[in-house]
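The values are calculated or read from the model by the stated rules, or taken from the named source; none is laboratory data. Just so it is clear, the structure is predicted and the values come from calculations on it, not from any experiment. When we count neighbours, we look across all protein chains shown, and the Cβ atoms used for this are built from the backbone with ideal geometry, even at glycine. Just so you know, the surface numbers come from the protein's heavy atoms only, side chains and all, with ligands and any DNA or RNA stripped out. Shrake-Rupley method; radii C 1.70, N 1.55, O 1.52, S 1.80 Å.
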2 protein chains.
Amino acid sequence: MKVIIVGGVAGGASCAARLRRLDEKAEILMVERGPYVSYANCGLPYHVGGVIPEESSLLVATEQMFRAVFGIEVRTGCEAVAVSPKQKTVDLRDVKTGEVTTERYDKLVLSPGAAPIRPPLPGIDLPGIFSVRTVPDARTIREWLHRGEETKTGMDSYTGQQVVTKPKRAVVVGGGFIGLEMVENFAHLGLEVTLVEKLNQVMPPLDPEMARLVERYLVKHGVNLQLSDGVAGFRQAKDGSLEVLTESGKAHPADVVILAIGVRPETALAKAAGLEIGQRGGIRVDEHMRTSDPDILAVGDAVEVKDYVTGQWTLIPLAGPANRQGRIAADVIAGRDSRYRGTQGTSICKIFEGEIGQTGPSEKLLRQLGDTDFEKVYLYPNSHAGYYPGAKMMAIKVLFRKTSGRLLGAQLLSEDGVAKRVDAFAMAIQMKATVYDLEEAELTYAPPFGSAKDPVNFAGMVAGNLLRGDMPLVHWDGTAGGFLLDVRNPQELAVESVPGALNIPLPQLRARLGELPKDKEIQVICRSAVRAYYATRILIQNGFKAKNISGGMLARSHRAVH
Amino acid sequence: MKVIIVGGVAGGASCAARLRRLDEKAEILMVERGPYVSYANCGLPYHVGGVIPEESSLLVATEQMFRAVFGIEVRTGCEAVAVSPKQKTVDLRDVKTGEVTTERYDKLVLSPGAAPIRPPLPGIDLPGIFSVRTVPDARTIREWLHRGEETKTGMDSYTGQQVVTKPKRAVVVGGGFIGLEMVENFAHLGLEVTLVEKLNQVMPPLDPEMARLVERYLVKHGVNLQLSDGVAGFRQAKDGSLEVLTESGKAHPADVVILAIGVRPETALAKAAGLEIGQRGGIRVDEHMRTSDPDILAVGDAVEVKDYVTGQWTLIPLAGPANRQGRIAADVIAGRDSRYRGTQGTSICKIFEGEIGQTGPSEKLLRQLGDTDFEKVYLYPNSHAGYYPGAKMMAIKVLFRKTSGRLLGAQLLSEDGVAKRVDAFAMAIQMKATVYDLEEAELTYAPPFGSAKDPVNFAGMVAGNLLRGDMPLVHWDGTAGGFLLDVRNPQELAVESVPGALNIPLPQLRARLGELPKDKEIQVICRSAVRAYYATRILIQNGFKAKNISGGMLARSHRAVH
């Protein structure tokens, strides 16, 4: 059996290595357009930023290792340019020589990845505008960032033009994962950073009110944040530096520009081969990672996957799923009944000291799908016992089924402890847990790591209280017509208060019930909705109609700041 | 309805607060023998060590808060000395005055906790020997540690005796959670620390070969570790300092001694009331936390719980379960059908920079129960992408059902990332996940936080490979009669090699198969069992009988060092 694998990074390399383990006799050829296979593309932003100083650190497994250890033939600098499904052949072009050879296959695996979107804007080919996809990309950006250091001759070795200083101002276009990681790394290098994002939020998988907190955090760290403004083009200024022109008419000066406005599945080869393409623009595969041609499989960022929670086709270009898909494709080629269970979109992103984590669908995604059988809660627990040094507040949003309590999704932001909780939520979603299961979860606790009631338990309890009817909730956008009751202490109100709210500090509530109306919905406010919960319980049991304003003043702080 | 709660810390305080939220009208009286309610006993070692400088930080909720916010009557310095289940009364003794009053109850909740074991050894009442259970305990130890600072008069204000210097040498007796935390905190204060443990391992919930790594870590950090040697008594030396005498005849000098040899459920009150006590010595409760008297409930460290995985009665004195039990007891008193699902023993302990985490039963516990339907794997992945700074090796042991693949337990040690993985394993165990589910788990990945194949995935893959028959395993204690093949590189063998093993580096294996016997079980060695897995696959497919030595040289390093 001869298997050709097109693309030698995450999905392709995983597939090749697994296939060899399952089938010692198969002839395996892995081709990769670029110069390296199995490199750590997730590490590229950190290599640009110097956090990972050595390029060699990014090369997880070399061509030589694939040959020597796995007996896999690897051709780098080799692009698959055509597939003939009937003849079962692939045309391979040597990138350097242009020579095309034709190889026969029994099984073909496509793992071409997704390409950074590079719209045909005016000036997009000016020097200094980069994408971050490959090791050579990172190398080129690093060289560009150091160009000002070579001014002995007064000339830049890169462009041949006169340069004044080394790059000091970076513009990052696009506020997703790679965009934010580039922002952090440029800031780490001491550059002034502007982030331009066409949408009205950074980090598109997050719900906008959660993204607000990320945006405030970026601004706090000195990032010039430009939301709701797309890039219109690029211009070279008289001093040779760049300007990034936006749709609103702004011009942001830049010595280096990163385009990180998303990726597009590389489907040209699949399309030309007549393979089915899904409605989201990725290669369509079944649960065995087989395309519409059963002898051609496809994995990684180029394929559409089923959203594990919503069941909808989607594009989720992440390394973990790509690796697992590669493994499953190898199993299937080796005759095993392995199935990909779908992708739930678990992700995490470091930005300065902050951690942005998510698993499962967002509220906006559910709404787009017309799904209304869900509820949400916000909570703001400490990342670990508040009395142990280093505890940070976490902002957590949890989505769950109104009817069954099944956990749907979670979004978490904090400077500590995000990964630990997202993983617990992620495993819970995979296992179809309910919020009642979260209440009972037995997670690690010692003061440096958590609390006796972990944020995950706490999330389950808040959600469970809601679903059991113990704690009716209202969100800030639904308070119209209600009677606002603020149960915080007067000192807290001095910092920020809600216009029109009556203040009765919680300890006085039982004695002052007479001041409250019996005919109106009383909406209870405190800082984080904990005291408001206590108050709501007191009110309900005394015959009032009362609701807790979800997330309290902390949830109110999710409003836009720009 | 009048509810009396005996014990005002984790379980009792949780129960009281929850009950008030469910029942605004109940009369709730919470009594606590000590001076504080709802204090952070888990923080006490860190307060002794000065990591948590302020005692007030440990007081989570005060007596005043319980009164003002929850309308709960609290009596501190008040001990329950007798219960009359027939009369439904409790006798309460004022600790200061000795006055006894009798209170009637409709429901009684016992949350007395567990007392540090203090065996009647010679000299145990000498000054300078402490347990760590309460805020006053911590205060007394702190004062003792500072006594040498008050030498202006040449006299110690604590004992009235002459002192030379402030305490410099600590002996901690008992190597469990509190013992290790005290070791760390004494070391943090600059004391020389000796740890004396009667068992042949520290951290009794761990399997001994995992404890070996903790022991090596303690020694590396300068701790004088004395295993397999119980304390026989204490003696005051001529200079007023202490000596800890052991069963083997040693005498360890000490200026301060901590007894942390375990805790015993406080059952005197329950026994006197005629309540059923379980075979493990804790108060027997049903899944509703009801004792043998349906109007008396019990929660926390004093009760026996069902092990969630094995189904056996056990004692697991941890704060998280105590809090959840308190909540469930309140639900039950309020007429709800809440049930405690059992305890799975999830725990974590910080020791210097190291993290020791566990969930589910250990191998030795399964063996004690005569359970043989399990397998185990060892693995040593990085805590996050190796190319990103700060990655640490993790040592992981995973136990799972041989027949079904169901996950049973996990033990993890590392200087990074333990809590994140234990929580994922813990949630998986709660949801009855299999190792095949772990293979497919979609956990957070970005280079600072994990790997595209997370250690949890990796554990699932190793276990799955074993159960599917792809990777037969042998453990180091089962290698007798096999043919040892070491597939590492010669440079690695120069550091440590296995006597009698043939060395064929993995890249040469396919070419040198002729050197291997067809009639013997070939047992393959490498550093971490990854290359040995590749080699095993090559050998099996070439008709050899081959097994991977689980965990490789790294698992071999679990051998004792003392």
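Could you put B:E304, A:E99, A:E287, A:E440 in order of accessible surface area, largest first, with the 1.4 Å probe and the full protein assembly present?
A:E99, A:E287, A:E440, B:E304
Of B:G240, B:P472, B:G311, which is farthest on the positive side of the dipole of chain B, counting Cα position, with +1 on Lys and Arg Cβ, -1 on Asp and Glu Cβ, and the Cα centre as origin?
Result: B:P472.
What percent do you get for the relative contact order of chain A when only Cα pairs under 8 Å and 6+ apart count?
11
Determine the per residue accessible area of the range B:377-454 with all protein chains present and a 1.4 angstrom probe, expressed in square angstrom.
Each residue of the range B:377-454 exposes 23 Å² on average to a 1.4 Å probe.
What are the residues of the range B:358-394 that lose 30 Å² or more of accessible area, with a 1.4 Å probe, going from their chain alone to all protein chains?
Going by heavy-atom accessible area, the residues of the range B:358-394 that drop by at least 30 Å² are B:Y387, B:Y388, B:P389.
Between A:D477 and B:D295, what FRET efficiency follows from the Cβ-Cβ distance if R0 is 56 Å, with the result rounded to 0.05?
Computed FRET efficiency for A:D477 and B:D295 comes out at 0.75.
Other chains' Cβ within 10 Å of B:30-42 residues: what's the mean?
1
Taking each residue of A:428-435 in turn, how many C-beta atoms of other protein chains fall within 10 Å of its C-beta, and what is the average? Intermediate values should be presented prior to the final figure.
Working: counts 5, 2, 11, 8, 1, 3, 0, 0.
The mean count of partner-chain Cβ atoms within 10 Å per residue comes to 4.
So how far apart, in nm, are the two label points at B:T76 and A:E492 if each is 7 Å from Cα heading toward Cβ?
Placing both labels 7 Å beyond Cα along the Cβ direction yields 2.3 nm.
Each label point is 7 Å from the Cα along the Cα-to-Cβ direction; what then is the distance between the points at A:K2 and B:E353, in nm?
Each label point lies 7 Å from its Cα, and together they span 5.2 nm.
Using heavy-atom solvent-accessible surface (probe 1.4 Å) with all chains present, what is the largest-first order of B:Y36, B:Y533? Walk me through the numbers on the way to the answer.
Details: B:Y36 55, B:Y533 20 Å².
These residues rank, largest area first, as B:Y36, B:Y533.
Based on the mean of other beta carbon atoms within 10 Å per residue, what is the order of A:176-189, A:17-30, B:401-414, most packed first?
A:176-189, B:401-414, A:17-30
Checking the a/c ratio against 1.5 first, then a/b against b/c, what shape does the Cα gyration tensor give for the range B:269-337?
Oblate is the answer for the range B:269-337, as a/c is 1.5 or above yet b/c matches or exceeds a/b.
When each copy gets a label point 7 Å from Cα toward the beta-carbon at A:A480, what are the spacings between them in nm, shortest first?
Sorted ascending, the copy-to-copy spacings read 8.2 nm.
For chain B, just list the percent of Cα-Cα distances falling in each 10 Å bin from zero outward, please.
For chain B, the pair-distance distribution reads 3, 16, 23, 23, 18, 10, 5, 2, 0.
Hey, what number do you get for chain A at 222 nm if only DSSP H runs of n ≥ 4 count, each worth -39500 (n - 2.57), divided across all residues, to the nearest 500?
Roughly -7500 deg cm²/dmol at 222 nm, from the helical runs in chain A.
I'd like to know which of B:P448, B:P490, B:F458 lies farthest towards the positive end of the charge dipole of the range B:436-513, counting +1 on Cβ of Lys and Arg and -1 on Cβ of Asp and Glu.
B:P490
Among the aspartates and glutamates, which fall within straight-line cross-link reach of A:K453, defined as a Cα-Cα distance under 15 Å, with same-chain neighbours fewer than 8 residues apart omitted?
A:D437, A:E439, A:E440, A:E442, B:D423
Can you send over the solvent-accessible area of B:C42, 1.4 Å probe, protein chains only, in Å² to the nearest 10?
It works out to around 40 Å².
Could you sort the peptides B:448-461, A:124-137, A:3-16 by per-residue average Cβ neighbour count (10 Å cutoff), highest mean leading?
For the peptides B:448-461, A:124-137, A:3-16, the packing ranking is A:3-16, B:448-461, A:124-137.
Once the dipole of the range B:407-562 is set up with Lys and Arg at +1 and Asp and Glu at -1 on Cβ about the Cα centre, which of B:S557, B:F425, B:C526 lies farthest towards its positive end?
B:C526
Pull out the extension gain between A:E287 and A:V219, defined as 0.36 nm times the separation in residues minus the alpha carbon to alpha carbon distance; nm, one decimal. Each step should come with its number before you reach the end.
Values: separation 68, 0.36 × 68 = 24.48 nm, distance 4.29 nm.
Gain in length upon complete extension: 20.2 nm.
Grab the Cα-Cα distance for B:R468 and B:K96, subtract it from 0.36 nm times how many residues apart they are, and report the gain in nm with one decimal.
That pair, B:R468 and B:K96, stretches by 127.3 nm at full extension.
Quick check for me: using +1 on Lys/Arg Cβ and -1 on Asp/Glu Cβ, what's the dipole size of the protein assembly as shown about its Cα centre, in debye to the nearest 20?
1100
So if I place +1 on the C-beta of Lys and Arg and -1 on the C-beta of Asp and Glu, and nothing else carries charge, what would the dipole magnitude of the range B:397-466 be about its Cα centre? I want it in debye, nearest 20.
Its charge dipole is roughly 360 debye.
What FRET efficiency would be calculated for the residue pair A:T372, B:E276, taking the C-beta separation as r and a Förster radius of 45 Å, to the nearest 0.05?
0.35
What is the spin-label model distance, in nm, from B:R235 to A:N542 if the labels are put 7 Å beyond Cα along the C-beta direction?
Label-label distance for B:R235 and A:N542, simple model: 6.8 nm.
Under a Cβ-only charge scheme (Lys and Arg +1, Asp and Glu -1), can you give me the dipole magnitude of chain A about the Cα centre, in debye to the nearest 20?
Values: 67 positive and 65 negative charges, 211 e Å.
Result for chain A is approximately 1020 debye, rounded to the nearest 20.
Which lysines have a Cα less than 28 Å from the Cα of A:K545, not counting those fewer than 8 places away in the same chain?
The qualifying lysines are A:K376, A:K397, A:K402, A:K518, A:K520, B:K2, B:K25.
Give me the inter-chain shielding for A:448-457: mean count of other chain Cβ atoms within 10 Å, whole number please.
Partner Cβ neighbours, averaged per residue: 6.
Using a Förster distance of 30 angstrom, determine the FRET efficiency expected from the C-beta separation of A:E521 and A:S228, and round it to 0.05.
My answer for the efficiency is 0.30.
Tell me which lysines have Cα within less than 17 Å of A:K350's Cα, excluding those fewer than 8 residues away on the same chain?
A:K220, A:K392, A:K420, B:K420
For a label point 7 Å from the Cα of A:E103 along Cα→C-beta, name the residues of the range A:16-30 whose backbone N is under 13 Å from it.
A:16, A:27-30
Using amide H atoms built 1.01 Å from N in the peptide plane, name the residues 5+ places from A:V172, or on other chains, whose amide H lies under 5 Å from its own.
Correct list: A:T194, A:L195, A:V196, A:I258.
I'd like the accessible area for A:Y217: 1.4 Å probe, protein heavy atoms, all chains in place, Å² to the nearest 10.
Here the accessible area works out near 40 Å².
Counting only protein heavy atoms, what percent of the accessible surface of the range B:304-377 is carbon or sulfur at a 1.4 Å probe?
Working: 1070 of 2390 Å².
Exposed carbon and sulfur together represent 45 percent of the surface.
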